[in-house]
Amino acid sequence: MDFKKIIKDVFKDVNSIEEQGALASYIPELANVNSKKFGVHISTLSGINFGLGDFQEKFSIQSISKVLSLCLAYQMLSGEVWDRVGVEPSGNPFNSLTQLEKDRGIPRNPFINAGALVIADILLSNLDDPKKDLLNFIRSLSGNQDVNYSTSISSSEKSIGYRNVALCNFIKCFGNIENEPDKVLDFYFDLCSIELSCKDLSALFLFLANNGKTMHDNRQILLPSKTKRINALMQTCGFYDESGEFAFKVGLPGKSGVGGGIIAIHPGQYAIAVWSPQLNPKGNSYKGMKFLEGFTTLSELSIF
């Protein structure tokens, strides 16, 4: 498979389409990003590494980090995680409160904001130094020590994060948040502020294409059975209330973030990251979605 040619062809096609979408301007720092940025990078199990465009420029990965915090919690607690958060698509926007009342404070899945807050709470209760330990875990996945939180982005999110404050307090009243909401929110805003490039992201997530084993030092991060479940959650829940559309058009497990990034996994093959900051009405990268649809169509490689 000539991945390089396919990426070049699809990148050219998508880059030529009319600009559509909008920046996530409700987060002040993200409103300052150059909307014309566009990058893609693929890392394969066979050793291919290839990128185009702004693939080496760091951006705020936002909700993509929720996959990583979930992996750490799942590594430590195994099936106990699912006592506190579900595995069903929400069918609602990522910051919705509507289902929590009916579900008695149990978020539908770990990738909506409510679910990620519960995962943050789990990590706070089980780690000696949660912020440091999570960062070390993420760094260990690809051997990349240049992974950090962004103070400016986390501060920007804290300044306008009223809905997340409401979500956390609402879950707390049902008893599904153990720690003080202020501590959970502080950790949550930091984990969403991590900045990585497309090149960093594709290398970082390659372990999920490799049955849970890292490529750089051959460590088993998650058992194959757990890796399968993480990929399944990305397939069904990784794009909020557009997850079905992504499965229909792209056919890969993936996760998006409102910083404009998308990571997609083909188990046994590759991890591919795309970044374009302009978002469609569902909060997913407009060009990123178009690129990945074109990529799996032209390569004729999806999980289906």
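Annotations
- For segment 61-75, the criterion of being among the charged types (D, E, K, R) and assigned to a loop (DSSP other than H, G, I, E, B) is satisfied by no residue at all.
- Scanning segment 144-172 for residues that are touching a helix residue (DSSP H, G or I) at 6+ places or on another chain (Cβ under 7 Å), free of Cβ contacts under 8 Å to residues at least 60 places away in the same chain, in a helix (DSSP H, G or I) and not charged (D, E, K, R) yields S154, V165, C168, N169.
- When segment 264-282 is limited to residues that are buried (at least 24 other Cβ atoms within 10 Å of the Cβ) and of a type in the set (G, A, S), the one that is nearest to G244 (Cα to Cα) turns out to be A264.
- Total residues in segment 128-143, condition outside any helix (DSSP H, G or I) and either touching a residue at least 40 places away in the same chain (Cβ under 8 Å) or touching a Gly at 6+ places or on another chain (Cβ under 6 Å) (or both): 1
- The residue that is surrounded by the most Cβ atoms within 10 Å (Cβ to Cβ), counting only those in segment 283-304 that are free of Cβ contacts under 8 Å to residues at least 60 places away in the same chain and not hydrophobic (A, V, I, L, M, F, W, C), is G288.
- Pick from segment 118-136, criterion touching a helix residue (DSSP H, G or I) at 6+ places or on another chain (Cβ under 7 Å) and surrounded by fewer than 19 Cβ atoms within 10 Å (Cβ to Cβ), ranking: nearest to F187 (Cα to Cα): K131
- When residues of segment 97-117 are limited to those that are among the hydrophobic types (A, V, I, L, M, F, W, C) and crowded, with 24+ Cβ neighbours inside 10 Å, the one nearest to the chain's Cα centre (by Cα): F111
- When restricted to residues that are of a type outside the set (S, T, N, Q), part of a loop (DSSP other than H, G, I, E, B) and within 14 Å of G261 (Cα to Cα), segment 22-38 contains 6.
- The lone exception for S90 - which of (1) assigned to a helix (DSSP H, G or I); (2) in contact with a Lys or Arg (Cβ under 7 Å, 6 or more places away or on another chain); (3) under 22 Å from G238 (Cα atoms) it fails: (1)
- Among all residues of segment 246-255, there is none that is touching a residue at least 60 places away in the same chain (Cβ under 8 Å) and over 21 Å from C192 (Cβ atoms).
- Among residues of segment 217-235 being surrounded by fewer than 17 Cβ atoms within 10 Å (Cβ to Cβ) and not basic (K, R), the one that is farthest from H266 (Cα to Cα) is D217.
Computed from the coordinates by the stated procedures, all read-outs in this text should not be read as laboratory data. Everything numeric here is computed off the predicted structure, so don't read it as measured data. Every residue, glycine among them, receives a Cβ derived from its backbone with ideal geometry; neighbour counts consider all protein chains shown.
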